[in-house]
Structure formats: C-alpha cells, structure tokens
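Asker: Once you've had a glance at the structure underneath, I'll fire off some questions.
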Amino acid sequence: MKVTACRKAHFNAAHQLININWDEKKNKKIYGVCSNPNYHGHNYDLIVKVKGEIDPGSGYVIDMKVLKNIIEKNIIKKFDHKNLNIEVEEFRSLNPTAENIAVVIWNILRKKINKRFEIQVILYETERNFVEYSGE
Ligand code: NI
C-alpha cells in the first residue's frame, strides 16, 4: 500500500532563456520576452512528491519536517533570490527553462531522499504553466 506525501515550497528567481548556439534573432523568435538579456523573474512554486509505504510505527510515509528541511537546505537556499544563469552552477551551461530547472531539482533531491521512495517534482513557473519530472 503506497501513499504519496507532497510538500509545497516556493522560491523567487531571475533567468534569461537563451540557446548560445543561436543568434539573437532566433533566440528572440523562440523565447520572446524571456530572452531579454537583462533577465526577468518568476515566483516559482515547487511541489515535491514522495511515494512509499506507510511506516507502521510512525504512520508516516516520510516525516514532513525531514522533507521540508531537505528541500530548504538543498533547493531553496540554492535558488531563492538568485539569478539562475549566473549564480547557480548547473545553469552556467544549461538553459534555465522550467523543464531544465525541474530536472536539476529532481537530481539534487534524488541524492538526498532515501532510495526506497519514488520522487516526483512539479514546478510552476506561472500559475498556468508547470512541468513535471519523475526521473524517466
Ligand atoms: Ni521566464
């Protein structure tokens, strides 16, 4: 009997969408205002899902305090109020689209959350636009 425990988190960050192999015209065509060289920000909402068996002792899948701390220490501290292109190592050579941010977050969390759990990351870049990644 598996249950999914979910934790919401939030961070603000700036980015510029750019493919360095394309000229300015093509970047502008594909990314529109998101290719602005002076950057722009988003209020990102993050949902981390942890799926596993209920521990018969605690009645929990995972202690939410533990999950909260893992997210804060490894994701929020790293991303919140940062310029993703400049200040977050992973995006020095990776375009910080919501898709790529979700993959980076998943990869970080995968190393920090016990392997007996399946994990999924949902990242909202705006209220209406969000991506999901579960390591496949
Ligand atoms: Ni953007």
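Asker: Give me the 1.4 Å probe accessible area per residue for the chain, excluding ligands and nucleic acids, in Å².
Answerer: On a per-residue basis, the chain sits at 63 Å².
Asker: Quick one: which of 18-25, 78-85, 59-66 comes out on top by average Cβ neighbours within 10 Å, and what's the full order, highest first?
Answerer: The packing order, highest mean first, is 78-85, 59-66, 18-25.
Asker: Another question about this same structure. Kindly identify region 75-133 as rounded, prolate or oblate by the Cα gyration tensor criterion: order the square roots of the eigenvalues as a ≥ b ≥ c, call it rounded if a/c is under 1.5, otherwise compare a/b with b/c, prolate if a/b is larger, else oblate.
Answerer: oblate
Asker: Treating only the Cβ of Lys, Arg, Asp and Glu as charged (+1, +1, -1, -1), what charge dipole size does the chain show about its Cα centre? Round to the nearest 20 debye.
Answerer: Charge dipole, the chain, about its Cα centre: 200 debye, nearest 20.
Asker: Counting only protein heavy atoms and a 1.4 Å probe, tell me what percentage of the chain's accessible area is made up of carbon and sulfur.
Answerer: Roughly 50 percent of what the probe reaches on the chain is carbon or sulfur.
Asker: Express the relative contact order of the chain as a whole percentage, based on alpha carbon pairs under 8 Å and six or more residues apart in sequence.
Answerer: 30
Asker: Now a separate question. In terms of Cα to Cα distance under 22 Å, which lysines are near enough to Lys65, apart from those fewer than 8 places away along the same chain?
Answerer: Within the straight-line cut-off, Lys65 pairs with Lys2, Lys8, Lys49, Lys51, Lys73, Lys77, Lys78, Lys111, Lys112, Lys115.
Asker: Measure nothing fancy, just the Cα-based angle from helix 98-112's long axis to the longest principal axis of the chain, in degrees from 0 to 90, nearest 10.
Answerer: Taking the Cα atoms of the chain, the angle to 98-112 is about 40 degrees.
The values are calculated or read from the model by the stated rules, or taken from the named source; none is laboratory data. In this text, all values refer to a predicted model and were calculated from it rather than measured experimentally. Because the Cβ atoms are built from the backbone with ideal geometry, glycine has one as well, and the counts that use them run over all protein chains shown. Quick note on the areas: whole protein, heavy atoms, side chains included, nothing else; ligands and nucleic acids left out. Shrake-Rupley method; radii C 1.70, N 1.55, O 1.52, S 1.80 Å.
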